[in-house]
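Everything below concerns the one structure shown next.
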Amino acid sequence: MTQKTISLSEKAYKELKKAKKKGESFSKTILRILGISDNADIMSLAGTFTENSDEWEQIEQILYKNRIDDNDLDIEEIEE
């Protein structure tokens with residue numbers, strides 16, 4: 001994990017410290033305050049696409065095309 005040093009005013013530090021929950025790091029506190037989750041939750045994606053949605057069909061077509069393109073590249077590399 002990369003770490004960065006930032007400067008805060010005394011007032012900002014005190015407010016951040018007050019907002020910090022027990023056992024929570026300052027990084028997690030900042031992410032929580034900003035409404036950004038640092039944990040990917042796959043269940044949050046449930047129901048995003050319906051089985052017959054136009055978006056899903058477009059995604060499938062792109063994936064299928066990319067798979068075909070990738071296979072073509074592999075064949076060309078082997079033949080050379």
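For the reader, a short list of remarks on this structure follows.
- Taken together, Glu10, Glu24 contain a single residue that is touching a Lys or Arg at 6+ places or on another chain (Cβ under 9 Å), at pLDDT 80 or above and among the acidic types (Asp, Glu), which is Glu24.
- If the condition is being in a loop (DSSP other than H, G, I, E, B) and either surrounded by fewer than 13 Cβ atoms within 10 Å (Cβ to Cβ) or not basic (Lys, Arg) (or both), then region 12-31 contributes Lys21, Lys22, Gly23, Glu24, Ser25.
- All conditions in (1) among the hydrophobic types (A, V, I, L, M, F, W, C); (2) at pLDDT below 80; (3) loosely packed, with under 10 Cβ neighbours inside 10 Å hold for Leu34, with the sole exception of (2).
The values are calculated or read from the model by the stated rules, or taken from the named source; none is laboratory data. Quick caveat: nothing in here was measured; it's all calculated off a predicted structure. All Cβ positions, glycine included, derive from the backbone under ideal geometry; neighbour counts span all protein chains shown.
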